[in-house]
Amino acid sequence: FTVVIFTGDLDKFTSKIGEPTQYYKNKKITVNGRIKIYKGKPEIIANSPDQITIVSENKSSSSKNSDDYTCFRKSELQGGFDLWKGDKDEKCVKKEFINCYVDNTDPYRPSVCEDRRDGSLLSLTD
């Protein structure tokens with residue numbers, strides 16, 4: 001999953017937080033925005049640092065490499081709560097098991113991310 005900051009918006013970030021890749025490095029973040037598929041990969045374009053919230057510092061005490069996982073929160077779904085599997089609010093899924101696409105069968109064309117292993121909904125935006 002990629003968060004994109006275009007050069008034209010970079011000053012908004014550097015004036016508030018400094019260099020974004022260093023500021024957000026090794027931190028768990030949430031990003032508010034519309035998921036788009038670009039060259040077959042999901043991304044969100046961040047035009048402002050206000051779209052990005054730091055959830056926690058990444059403590060690498062786990063043997064799992066956090067770069068291999070993307071975390072989703074049930075509380076951030078825009079509908080589709082009944083398709084979320086499990087009772088926890090957060091689900092971290094290895095990137096190789098995430099499938100994101102635009103649902104062209106729905107007239108609102110929502111962006112959807114699912115867990116390939118069990119088909120559970122991870123993200124839904126309209």
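Backbone phi angles across region 14-21, fed through the Karplus curve with coefficients 6.51, -1.76 and 1.60 (θ = phi - 60°), yield HN-Hα couplings of 5, 6, 9, 10, x, 6, x, 5 Hz in residue order; Gly and Pro are listed as x. Under a 5 Å amide H cut-off, with hydrogens placed 1.01 Å from N, Tyr69 pairs with Lys95 among residues at least 5 apart or on other chains.
Each residue of region 98-107 was assigned a 3J(HN,Hα) from its phi angle through the Karplus curve 6.51 cos²θ - 1.76 cosθ + 1.60 (θ = phi - 60°); the sequence is 9, 10, 10, 7, 9, 7, 6, 7, 9, x Hz, with glycine and proline shown as x.
Bear in mind that the values in this text are calculations on the coordinates, not laboratory data. Please read these numbers as outputs of a predicted model, since none were measured by experiment.
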